[in-house]
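Quick notes on the structure that follows.
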Amino acid sequence: MKQKRYSFPITLMARLLHVSVSCFYDWLKRGVSKRTIQRNQQTILVKIAHEETRQSYGYIRLTKYLQAQGIKMSMYAVRQIKALNHLYCKRHKRFKRTTNSDHNRAIYENLLEQQFSMTRPNQAWSSDITYIWTVEGWLYLAAVKDLYTKQVVGYSLNERMTTQLVCNALNMAIHNQKPTKELIVHSDRGSQYCSHEYRNI
């Protein structure tokens with residue numbers, strides 16, 4: 001968690017690990033082993049991947065999913081984290097939709113055309129919504145990730161999947177990174193991302 005504090009916002013990491021931000025800073029002052037730091041950051045990555053795959057992947061498939069995103073983690077580590085955090089497969093659970101493409105709002109063309117290899121920070125961001133478990137219960141997480149650095153540069157959490165949710169995440173990213181006008185922001189074509197409020201940011 002300490003090594004990854006610039007890849008994941010501290011407040012987001014604290015909520016996913018079920019600790020307070022003040023506890024996290026106390027933890028930094030005390031000092032912990034590199035192994036503990038690594039395991040905490042791996043736990044966050046596995047939890048997010050578990051939700052992104054709709055809680056349907058076993059540890060073997062989930063490991064491959066992580067590796068496809070450039071995250072090096074052994075099958076043993078993924079299996080252990082899933083077991084310790086009770087991240088079980090729920091194949092028959094009806095999941096909440098996080099994309100509503102059934103709308104009549106304007107849709108922008110796909111400028112990236114699935115080419116996600118960037119050459120510098122703040123060249124292109126991707127934004128998505130995930131339904132994730134936190135210490136506060138199930139919440140929608142809208143996250144903005146820099147496609148070059150792989151860092152989460154903005155995020156927002158809410159009980160409802162609203163336009164304001166994605167706007168807050170994008171505004172945080174802009175405030176943190178201050179990108180140029182050449183920035184490309186890629187997302188799905190859900191109604192939140194096609195809203196006037198989001199497009200006018």
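Structural remarks
- Single residue of Arg54, Arg61, Arg39, Arg30 found to be farther than 22 Å from Asp128 by Cβ and at pLDDT 75 or above: Arg39
- Some residue of segment 171-189 being within 22 Å of Ile71 (Cα to Cα) and more than 11 Å from the chain's Cα centre (by Cα): yes
- Qualifying positions in segment 127-146 - surrounded by fewer than 19 Cβ atoms within 10 Å (Cβ to Cβ) and in contact with a Ser or Thr (Cβ under 7 Å, 6 or more places away or on another chain): Thr130, Tyr131
- The residues of segment 123-168 include none that are in a helix (DSSP H, G or I) and under 10 Å from the mean Cα position of the chain (by Cα).
- Segment 51-94: number of residues that are surrounded by 14 or more Cβ atoms within 10 Å (Cβ to Cβ) and touching a residue at least 60 places away in the same chain (Cβ under 8 Å): 2
- Candidates Glu159, Glu197, Glu182, Glu136 - the one that is under 27 Å from Gln55 (Cβ atoms), modelled with pLDDT of 80 or more and of a type in the set (Asp, Glu): Glu159
- Search result, residues across segment 180-201 that are under 25 Å from Ile44 (Cβ atoms) and of a type outside the set (A, V, I, L, M, F, W, C): His186, Ser187, Asp188, Gly190, Gln192, Tyr193
The values are calculated or read from the model by the stated rules, or taken from the named source; none is laboratory data. Predicted model, so just to flag it, every value in this text is computed and none were measured. No Cβ is skipped: glycine too gets one built from the backbone with ideal geometry, and neighbour counts run over all protein chains shown.
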